[in-house]
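These notes are about the structure you will find just below.
The values are calculated or read from the model by the stated rules, or taken from the named source; none is laboratory data. A quick note: this is a predicted structure, and the numbers were derived from the prediction, not measured. Here the Cβ positions follow ideal geometry from the backbone for every residue, glycine too, while neighbour counts run over all protein chains shown. Heads up: the accessible areas ignore ligands, DNA and RNA and are worked out on the full protein's heavy atoms, side chains in. Shrake-Rupley method; radii C 1.70, N 1.55, O 1.52, S 1.80 Å.
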Amino acid sequence: MNEIIIIAGSALLGIGLGALVTFLFIKKANEGKANSIVKDAEAEAEVIKKDKILQAKEKFLQLKAEHEKVITEKNQAVLMSENRIKQKEQSLSQKQEQVQRKDVELDTLRSNLTHQLELVNSKQQEVDKFHRRQVEQLETLSGMKAEEAKSQLVESLKAEAKTEAMSHIKDIVEEAKISANKEAKKVVIQTIQRVATEHAIENSVSVFNIENDEIKGRIIGREGRNIRALEAATGIEIIVDDTPEAIILSGFDPVRREIARLSLHQLVTDGRIHPARIEEVVEKVKKQIEEEIIEIGKRTAIDLGIHGLHPELIRMVGRMKYRSSYGQNLLQHSREVANLCATMAAELGLNVKVAKRAGLLHDIGKVPDDSPEVPHAILGMQLAEKYKEKPEVCNAIGAHHDEIEMTTLISPIVQVCDAISGARPGARREVVEQYIKRLKDLEALALSYPGVDKTYAIQAGRELRVLVSSDKITDKEAETLSFDISQRIQTEMTYPGQVKVTVIRETRAINFAK
């Protein structure tokens with residue numbers, strides 16, 4: 001047992017000694033390895049330290065070189081600035097020396113001029129004294145003062161010069177008149193010869209041809225209701241007499257006559273003639289006439305080569321076809337004046353397009369029915385200004401009857417051409433124009449009353465038909481209105497014979513079945 005314990009203790013002791021030896025051996029090996037790692041680290045650190053020192057030295061040398069370069073450049077710039085300053089100082093010193101020399105020269109000149117002025121003043125004084133002595137001697141010899149002699153001499157020279165100038169002016173004016181008259185006559189004659197126009201006289205009657213007399217009864221209608229409806233819708237007097245295959249349309253307004261003629265044509269062609277159909281056809285024809293008026297205006301502008309007219313001016317030009325000026329068709333007259341103006345402007349070397357434009361528009365003031373108290377030339381000028389026409393055109397329109405002062409050369413040309421167009425034998429009739437004006441005034445007088453819708457002067461002004469609104473005028477008021485209008489016509493207007501005033505008040509009840 002003791003041996004076993006000894007053997008076990010020996011074994012344990014051996015194991016402990018083996019472990020101790022092993023631990024010591026491992027510790028020694030680790031210490032050698034650590035020493036070698038430390039040595040390697042120290043060697044590597046030394047190498048890195050040397051590299052960093054070299055890099056620092058290179059960076060320092062580089063920065064030093066850049067710094068020295070910057071310092072060198074700044075030194076060079078300072079040297080250049082110093083050189084420029086030195087050059088400027090030298091130039092300033094040179095200029096200063098020049099200025100000093102100039103001052104010396106100026107002083108010398110000033111002293112010389114002062115001396116010369118003193119000499120001149122002394123000489124002037126001597127001359128003045130001599131002149132005064134001469135004047136005194138002349139006054140003594142002539143017995144007149146110097147101022148009196150001067151004024152007499154000036155007056156005599158003035159009178160002589162005026163007389164001579166007047167004679168020259170008279171000769172020049174006479175020569176200018178002779179040459180101007182010759183040239184003016186030449187231009188006017190050439191213009192008239194180059195424009196050929198027809199003589200056209202407007203009247204106040206249109207004839208509507210029919211195929212047979214049976215249609216007359218259908219146009220008249222039962223108890224004359226159709227013809228009354230047609231007259232009330234168009235304002236034209238329709239005369240159905242014994243004239244074979246013809247119905248006469250009488251009225252001073254060509255637009256109304258044309259509407260009545262076209263309406264009759266459509267009604268006769270269609271065959272349905274009754275009051276409702278008549279009113280429908282008349283309204284449709286009125287729209288057609290308005291479209292035709294615009295088309296006539298456009299075609300006239302294209303024919304004359306006039307561009308850029310305002311649409312309202314084009315419509316007014318178209319309405320000229322249905323207007324007359326002292327019996328002369330207004331559109332034909334305006335076209336004729338436009339061509340005359342163009343020809344005359346070309347002869348005189350002026351703007352042909354502006355002259356033609358002014359010639360066409362010179363009578364647009366006669367187209368509107370309103371503003372009768374304003375002269376048509378002034379009204380036309382106001383319309384042209386409203387629709388942005390050129391100042392030359394506006395002045396020519398307003399001045400062609402001398403209502404305003406002429407400011408351009410186009411204005412007298414338009415005035416002359418208007419006179420040429422109207423002065424031809426047979427071109428105008430004063431009586432027709434006065435007759436139409438009287439009928440228009442008659443209609444305007446009745447239209448001025450409240451509640452009046454339409455007014456028509458028919459039978460050459462012997463009858464005035466007044467259509468009133470049934471909702472505004474009663475039957476009793478219609479009688480009073482008829483009397484008032486007749487009294488105003490009697491007191492304010494001049495007319496031959498008598499005028500019949502007929503006030504028509506019609507009540508209509510209209511409903512629709514849906």
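Hey, could you check the range 443-454 for residues that are in contact (Cβ under 8 Å) with a residue 40 or more places away in the chain and open to solvent by less than 40 Å² (accessible area, probe 1.4 Å) and say which is nearest to ILE504 (Cα to Cα)? Walk me through how you get there before you give the answer.
In the first step, residues of the range 443-454 are kept if they are in contact (Cβ under 8 Å) with a residue 40 or more places away in the chain; the result is 444-446, 454.
From what is left, the residues that are open to solvent by less than 40 Å² (accessible area, probe 1.4 Å) are 445-446.
On the way: LEU445: 16, ALA446: 13 Å.
Among them, the one singled out is ALA446.
Among the listed residues TYR449, TYR456, which satisfies the condition of being among the aromatic types (Phe, Trp, Tyr) and part of a strand (DSSP E or B)?
Values: TYR449 fails: part of a strand (DSSP E or B).
Answer to the check: TYR456.
Can you find even one residue in the range 471-480 that is in contact with an Asp or Glu (Cβ under 7 Å, 6 or more places away or on another chain), open to solvent by less than 40 Å² (accessible area, probe 1.4 Å) and either of a type outside the set (S, T, N, Q) or under 23 Å from ALA229 (Cα atoms) (or both)? Lay out the reasoning, then the answer.
Step one: of the range 471-480, the residues in contact with an Asp or Glu (Cβ under 7 Å, 6 or more places away or on another chain) are none.
The answer is no; no qualifying residue exists.
Give the range 481-514 a look and list any residue that's open to solvent by less than 70 Å² (accessible area, probe 1.4 Å) and either over 24 Å from ASP441 (Cβ atoms) or modelled with pLDDT of 85 or more (or both), or say none.
Hits for the range 481-514 are LEU481, SER482, ASP484, ILE485, SER486, ILE489, VAL501, THR502, VAL503, ILE504.
Any idea which of LYS366, LYS356, LYS388 is at positive phi and in contact (Cβ under 8 Å) with a residue 12 or more places away in the chain?
Working: LYS366 fails: at positive phi; LYS356 fails: at positive phi.
Testing whether each residue is at positive phi and in contact (Cβ under 8 Å) with a residue 12 or more places away in the chain leaves just LYS388.
Residue by residue, here is whether (1) buried (at least 16 other Cβ atoms within 10 Å of the Cβ); (2) more than 19 Å from the chain's Cα centre (by Cα); (3) among the hydrophobic types (A, V, I, L, M, F, W, C) holds:
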residue: CYS341; (1), (2), (3): yes, yes, yes
residue: ALA358; (1), (2), (3): yes, no, yes
residue: VAL367; (1), (2), (3): yes, yes, yes
residue: PRO375; (1), (2), (3): no, yes, no
residue: LYS386; (1), (2), (3): no, no, no
residue: GLU389; (1), (2), (3): yes, no, no
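Condition first: out of contact with any helix residue (DSSP H, G or I) (no Cβ under 7 Å at 6 or more places or on another chain) and open to solvent by less than 50 Å² (accessible area, probe 1.4 Å). Now tell me which residues in the range 217-239 satisfy that. Give the derivation first.
Initially, the range 217-239 is screened for residues out of contact with any helix residue (DSSP H, G or I) (no Cβ under 7 Å at 6 or more places or on another chain), giving 217-218, 222-224, 228, 231-232, 239.
Within the range 217-239, GLY217, GLY224, GLU231, ALA232 meet the criteria.
Of (1) more than 24 Å from LEU262 (Cβ to Cβ); (2) at pLDDT 85 or above; (3) crowded, with 20+ Cβ neighbours inside 10 Å, GLY305 satisfies all except one. Which?
(3)
Residues of the range 458-471 being modelled with pLDDT under 85 and of a type outside the set (Asp, Glu), which ones?
ILE458, GLN459, ALA460, GLY461, ARG462, SER470
Of the conditions (1) at pLDDT 90 or above; (2) open to solvent by 50 Å² or more (accessible area, probe 1.4 Å), CYS394 fails just one. Which one is it?
Going through the list (1) at pLDDT 90 or above; (2) open to solvent by 50 Å² or more (accessible area, probe 1.4 Å), CYS394 breaks only (2).
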